[in-house]
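> The structure's right below; bear with me while I get my questions together.
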Amino acid sequence: MSKFDFDKVTNHFITSGFLYQGSEIYGGLSNTWDYGPLGSEVKRNIEKMWWKKFIQESPTNVGIDAAILMNPKVWEATGHVSTFNDPLLDCKDCKMRFRADQLIEKQFPDADIAGLNDEQLMDFIRNNDVKCPNCGGTNFTDIRKFNMMFKTHIGVTEDSKSVVYLRPETAQGVFVNFKNILRTTRRKLPIGICNVGKAFRNEITPGQMTFRMREFTQMEMEFFCKPGEDLKWFDFWKKRCLDFVADLGIKKEDLRFRDHEPAELAFYSKATTDIEYRFPFGWGEVWGIADRTDYDLKRHATYSGEPLDYFDPETNEKYVPFCIEPSVGLDRLILMTLCNAYDEEAIGENDSRIVMHLVPSLAPYKVAVLPLSKKLEEKAQEVQKILSTYMTTVYDDTGSIGKRYRRQDAIGTPYCVTVDFNTLEDSSVTIRDRDTMQQIRLQITDLEKYLSVKVFY
Ligand code: GAP
């Protein structure tokens, strides 16, 4: 587990420009976050890496980019309108509102409450004297359901006919396009269809920075296969997801699979597992991988009236495919990657540095160009111009060279190129490695070749 306090680590992300509180100059908007110049580069890098692994390098798969607003019948078919609810209750004394399951989990971390209905949750709260974390009272209302979808209106009238929802997951854009995609790609099963984009949930208790937000980015794949082959593919994608997390440089000891108990499984799911990471605040779900059987396609077929079955040309059978869904929150992947990379190291006797050991391909800047003197500006900018056509670069000419190295270490820049007076004589520069702090001398003409191999693989 990270040896660092979550507040300390996240404070570093904020002060160095990975993340900012949303609408900060207006006092913020609770639990909204904006990615700054550094965070948005990391975000793009991880998304690109996911697209590469799950689409480019997976010949069975394709990607789409589906709309956020969908026909509201979609959410009736999926059950989100009737069941995408949080069980809420209020403290009658201090009027604070809580989620019943979270209230129990905080005070009874070992209690097995998975699968309990609202009545059973309420019984647990009463029988175990669960207390209001705010005032210590035990005087709660009954549990009420609160739908987590954000509602808005389409067009100029605001009546019930114009209601639309901001999608609470990206997956449904895939299911409703299943027929279109098979027809236009002329693919056979198995086929994985990926969709990435914003999802919205009116979470009652968001928190832990970007771990739980009301607006977040999901990267989901719906992998359709022949019924009976689903558990084989479930294992296959579980492994691919874990490989992906390992490629982000995450320490093995901070990762685990958590298989859902039968009581926890959605009624349509044959198997579900989460990849969890040990955040500085404890274990948290990063990736959910589920065998959703034929539930979604069958529901959409019923609600839309469009048959969504598949004719298998190999067996001449018609069936509704089963679906394996690895679903991951990009913001959680980023938070995990940043927490995992953060370190503080002693250098020599009286010095120390903050260093982000980001995998080079994920780092916001691959290389920093540092002129030793302002007089070397022209040469240094020439070097930056050459490198910037191949990779992200940053230029820094303020402060001592030692301070500038520390600044780059603290944001994870894997290499610094220093231009000095010898550069003017022999066109060579010094390259410093972030992790080893070792320096070597290279010709400017060899820089691109040397760095590209190191920062893109
Ligand atoms: N289509 C299935 C689905 O949406 P989920 O377990 O509700 O399943 C999948 O969400 C992933 O989306 C989670 O593992 C998590 O990484 C991310 N996620 C869910 N709610 C989130 C939130 N409020 N803030 C940030 N990420 C969230």
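> Looking at the chain, which Cys residues are left with no other cysteine's beta carbon under 4.7 Å from theirs?
Taking the Cβ cut-off of 4.7 Å, the unpaired cysteines of the chain are C194, C225, C241, C323, C339, C416.
> Now for a different question. Enumerate the amide H contacts of A66 below 5 Å, restricted to partners 5 or more residues apart or on another chain; note that Pro and chain-start residues carry no placed amide H.
V196
> How big is the Rg/Rh ratio for region 85-147, C-alpha atoms only, Rh by Kirkwood, two decimals?
In region 85-147, Rg relative to Rh is 0.92.
> What is the gain in length, in nm to one decimal, between K52 and D5 on full extension, counting 0.36 nm per residue of separation less the C-alpha to C-alpha distance?
Difference between extended and current length: 13.6 nm.
> Putting +1 on Lys and Arg Cβ atoms and -1 on Asp and Glu Cβ atoms, find which of F6, L255, V355 reaches farthest to the positive end of the dipole of the chain.
Of the options given, the answer is V355.
> Got a sec? How would S361, S400, S269, S352 order by Cβ neighbour count within 10 Å, fewest to most?
Ordered by Cβ neighbours within 10 Å, fewest first: S400, S352, S269, S361.
> In nm, to one decimal, how far is the modelled label at K92 from the one at D259, with both set 7 Å along Cα→Cβ?
Once both label points are built, they end up 4.4 nm from each other.
> Nearest 10 degrees, 0 to 90: what angle lies between the long axis of helix 330-341 and the longest principal axis of the chain (Cα atoms)?
Taking Cα atoms only, the helix is inclined about 40 degrees.
> If you don't mind, there's one more thing I want to ask. Considering only DSSP beta bridges with both partners in the chain, what is the antiparallel share in %, to the nearest 5?
85 percent
> Using the number of other C-beta atoms within 10 angstrom as an exposure proxy, rank V367, V453, V355, V174 with the fewest first.
So the ranking, lowest neighbour count to highest, is V453, V355, V174, V367.
> Here's something else I'd like to know. What number, rounded to the nearest 500 deg cm²/dmol, is the helix-based mean residue ellipticity at 222 nm of the chain, given -39500 (n - 2.57) per DSSP H run of at least four residues and division by all its residues?
Counting only the DSSP helices, I get -9500 deg cm²/dmol.
> Still on this model: Quick one: what are the phi-derived ³J(HN,Hα) couplings along region 123-134, Karplus 6.51/-1.76/1.60 with θ = phi - 60°, whole Hz, x for glycine and proline?
4, 4, 4, 6, 6, 9, 6, 5, 9, 5, x, 8
> What ranking of H80, H153 emerges when the number of other C-beta atoms within 10 Å of each C-beta is taken as an exposure proxy, fewest first?
Result, fewest neighbours first: H153, H80.
> If you don't mind, there's one more thing I want to ask. Within the chain, which is the longest segment that contains none of the GluC sites (Glu not before Pro) sitting in a DSSP loop with at most 16 other Cβ atoms within 10 Å?
350-457
> Then there is this: Treating only the Cα positions of the chain as identical point scatterers, give the base-10 log of I(q)/I(0) from the Debye formula at each q in 0.11, 0.13 Å⁻¹.
For the requested q values the scattering log ratios are -1.01, -1.25.
> Another question, if that's okay. Report the convex hull volume per residue for region 365-455, counting only C-alpha atoms, in Å³.
Value for region 365-455: 81 Å³ per residue.
> Hey, how many Å between the Cα centroid of region 378-457 and the Cα centroid of region 334-361?
Between the Cα centre of region 378-457 and that of region 334-361, the gap is 19 Å.
> A further question on this structure: Amide H neighbours of W287 under 5 Å, counting only residues 5+ apart in sequence or on other chains, H built in-plane at 1.01 Å?
I275
Rule-based calculations on the coordinates, nothing more; no lab input. Only a predicted model underlies this, so the values are computations on that prediction, with no experimental measurement involved. Ideal geometry is used to build each Cβ from the backbone, glycine not excepted, and the neighbour counts take in all protein chains shown.
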